[in-house]
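One structure below.
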Amino acid sequence: MSEASYRGSCQCQAVVFDATLDLDHTITCNCSRCQRLGSVLSFAPADKFHLQKGADALTEYRFNTKKIGHQFCKICGIEPFAYGETPDGAPTVAVNVNCLDGVDPRALKSAHYDGRSR
């Protein structure tokens, strides 16, 4: 698998997005948030992520260092993505692969990230 375009959404479809992602490089994280959510994440540069609808349906949560803007739907509560920066400061989007149409995230070979120790 290499980079491809995907459509994703929250459960109620109030938030819909398109993203170009490489699903060969997904991660799971054991931080206090990701572990509870069961997120499988893929990262895209901000210019390869396009919110198609639902900006008004999103609310944000920040915790710990407050560097990641976790976006979730005010209607159904699903977190389809989060805004952040790469270590060099480039804007990035962490996409919750569980929210992508036609993708089985449990079939992917995700790398583990130890967010609990950060």
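The values are calculated or read from the model by the stated rules, or taken from the named source; none is laboratory data. Please read these numbers as outputs of a predicted model, since none were measured by experiment. Virtual Cβ from ideal backbone geometry, glycine too; neighbours counted across all protein chains shown.
Pull up the stretch 29-60, narrow it to residues that are hydroxyl-bearing (Ser, Thr, Tyr) and at pLDDT below 95, then point me to the one that is surrounded by the fewest Cβ atoms within 10 Å (Cβ to Cβ).
Ser32
Filter the stretch 61-90 for residues that are of a type in the set (A, V, I, L, M) and buried (at least 18 other Cβ atoms within 10 Å of the Cβ) and give the result.
Result: Ile68, Ile78, Ala82.
Of all residues in the stretch 8-23, those satisfying the criterion of being surrounded by fewer than 21 Cβ atoms within 10 Å (Cβ to Cβ) and either farther than 13 Å from Val97 by Cβ or free of Cβ contacts under 8 Å to residues at least 60 places away in the same chain (or both) are Gln11, Cys12, Gln13, Ala14, Val16, Asp18, Thr20, Asp22.
Those strands (runs of 3 or more DSSP E) of the stretch 27-114 in which at least 3 residues are touching a Pro at 6+ places or on another chain (Cβ under 9 Å), under 17 Å from Ser5 (Cβ atoms) and touching a residue at least 60 places away in the same chain (Cβ under 8 Å), considering only elements entirely within it, cover 91-96.
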